[in-house]
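Taken together, the values in this text are just the output of simple stated rules run on the coordinates, not laboratory data. Keep in mind it's a predicted model, so treat the numbers as computed, not measured. So basically every Cβ, Gly included, is an ideal-geometry build from the backbone, and we count neighbours across all protein chains shown.
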Amino acid sequence: MAKTPPPMFQIGETSSSWYVAYTCARHEKRVVQQLADRGIPSLLPVYRSIRRWKDRKKELEMPLFPGYCFVQMDLRQKTILLQLPGVVDLVMFQGKPAPVSPQEMQALCLSAGSAGLQPHPYLRIGRRVRVQHGPMTGVEGILVRWKDRMRIVISVSLIQRSLAVEVDEADVEIVA
């Protein structure tokens, strides 16, 4: 689900917008699978986490934004989405479904397959930077330092969640 987006997954290729679907707890993967079965483009960014128990440890694939998945659709398809088991509703503002900005969606798509992806607290202030080189060229976010490494924090303002991806300090420029 966090793999490279399928060929039908293209930003700006259709007139449909990307929306955030609010799901029941721990139903994100199931919802995305049901959307894929119906041919509706969706995205569930995931990260790898090692969980330890007394007798073992296991690497799990966890949703980056628990309780949310991204879906590209025309609002006329809203009833199809809401009939899926596990879908609660779309994220709305003033009673209307709120689309995700194309820039934030592009940043999410580019970072979805990156190694070292981790959830990060949502940040409102900080130094904004733009990646100049590599697969994430053009992505903007907030630069932070973590364990002697540089990371760029990409925020989705609609759901007030963020993710952090490792970048080389030489590959970013400060956004004015």
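Worth pointing out:
- Some residue of segment 118-125 being surrounded by 13 or more Cβ atoms within 10 Å (Cβ to Cβ), outside any loop (DSSP other than H, G, I, E, B) and in contact (Cβ under 8 Å) with a residue 60 or more places away in the chain: yes
- Candidate set from segment 74-106 (those that are under 16 Å from the mean Cα position of the chain (by Cα) and of a type in the set (A, V, I, L, M, F, W, C)); member that is farthest from V156 (Cα to Cα): L90
- Matching entry among V175, V144, V167 (being touching a strand residue (DSSP E or B) at 6+ places or on another chain (Cβ under 6 Å), crowded, with 21+ Cβ neighbours inside 10 Å and more than 26 Å from Y19 (Cβ to Cβ)): V167
- Here is the figure for segment 145-176: residues that are without any contact (Cβ under 8 Å) to a residue 12 or more places away in the chain, among the charged types (D, E, K, R) and at negative phi total 1.
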